[in-house]
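To start, the structure under review is shown below, and the notes come after it.
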Amino acid sequence: MKFNTLLIIIVVVMVAITAVNMFMSLSNKLKIETIAYSSNYSYDTEGRVKMDSVMEIKFLKPQQIDGFLEQFNKSPAEKLSEFQKSLEDFSSKLGRMLTVEDFQSTATVISYNVVKVEEVAVVRGFASVNNGRVNTSLGDVELDLSGDSVLTIALPVGAKVISIDPQPTSRPADNLLIWSNAGRIKFPEVVFVVEE
């Protein structure tokens with residue numbers, strides 16, 4: 001299993017992009033399923049995002065856990081470099097450069113067949129910016145937000161939302177959008193501006 005394969009699933013957040021669903025489509029070697037997934041995306045006005053993600057993975061073959069954990073023993077510089085490489089194809093599909101400014105990841109065994117993966121990443125260019133309008137769309141990327149899976153998007157304070165698709169399941173504040181137990185959806189396209 002290549003580490004950058006693991007990174008792309010979690011970053012693009014395909015459980016959010018179902019981390020696991022995306023990974024399973026890339027590699028049939030691991031027999032895993034997602035128990036719970038939570039990801040918080042905080043955007044700025046320049047298209048940069050900070051992603052905080054936590055995912056619990058159940059291993060249907062617990063003997064595969066050791067090999068999975070080995071991928072997390074690399075140095076921070078190696079992880080960041082491999083993460084950047086994993087985004088190259090994704091960047092070309094989106095038509096904009098995604099640049100990793102920070103990446104940290106840990107994996108913890110919480111029972112004999114369950115691992116918790118925690119990721120923090122900062123990626124420049126994750127949203128497009130045109131004439132001050134920020135657009136979070138990731139093209140045709142889909143998420144599987146079934147069960148306990150949650151995606152939260154935080155916009156800058158003072159952001160004026162122009163459009164949202166699909167609509168969030170809750171909006172506790174003007175700049176806080178939450179999708180939970182929503183099934184399969186496309187990655188939310190939120191268009192916003194921050195007025196001076």
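Below, the figures for the structure above:
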{"item": "Of the chymotrypsin sites (Phe, Trp or Tyr not before Pro) in the range 72-157, those whose Cβ has at most 12 other Cβ within 10 Å and which sit in DSSP loop", "result": "Y112"}
{"item": "Links that overshoot a 24 Å alpha carbon limit, given the list K93/K160; K74/K186; K31/K116", "result": "K93/K160; K74/K186"}
{"item": "With every protein chain in place, the range 135-184: carbon and sulfur % of accessible area (1.4 Å)", "result": "46 percent"}
{"item": "³J(HN,Hα), Karplus 6.51/-1.76/1.60, whole Hz, each residue of the range 70-87, x for Gly, Pro", "result": "4, 5, 9, 8, 6, 5, x, 5, 5, 4, 5, 4, 5, 5, 4, 4, 5, 8"}
{"item": "Percent RCO, i.e. relative contact order, over the range 17-194, from Cα pairs under 8 Å lying at least 6 residues apart", "result": "25 percent"}
{"item": "Over the range 17-194 - Rg/Rh using Cα atoms and the Kirkwood inverse-distance radius", "result": "0.97"}
{"item": "Mean accessible surface per residue for the range 17-194, computed with a 1.4 Å probe while every protein chain stays in place, in Å²", "result": "49 Å²"}
{"item": "Extension reserve of the K31-N181 stretch, reckoned as 0.36 nm per residue once the Cα distance is removed", "result": "51.7 nm"}
{"item": "Nonlocal amide H pairs with S137, under 5 Å, H built at 1.01 Å", "result": "S128, V190"}
{"item": "Dipole-positive endmost among A154, I57, P188 within the range 17-194 (Cβ charges, Cα centre)", "result": "P188"}
{"item": "Surrounding net charge for L143, when Lys and Arg each add one and Asp and Glu each subtract one, Cβ distance under 11 Å", "result": "0"}
{"item": "Computed label-point distance, nm, for sites D52 and V161 using a 7 Å Cα→Cβ extension", "result": "2.0 nm"}
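The values are calculated or read from the model by the stated rules, or taken from the named source; none is laboratory data. All values derive from a computational prediction rather than experimental measurement. FYI the Cβ positions are ideal-geometry reconstructions off the backbone, even for glycines, and counts take in every protein chain you see. Only protein heavy atoms, including side chains, enter the accessible area calculation; ligands, DNA and RNA are left aside. Shrake-Rupley method; radii C 1.70, N 1.55, O 1.52, S 1.80 Å.
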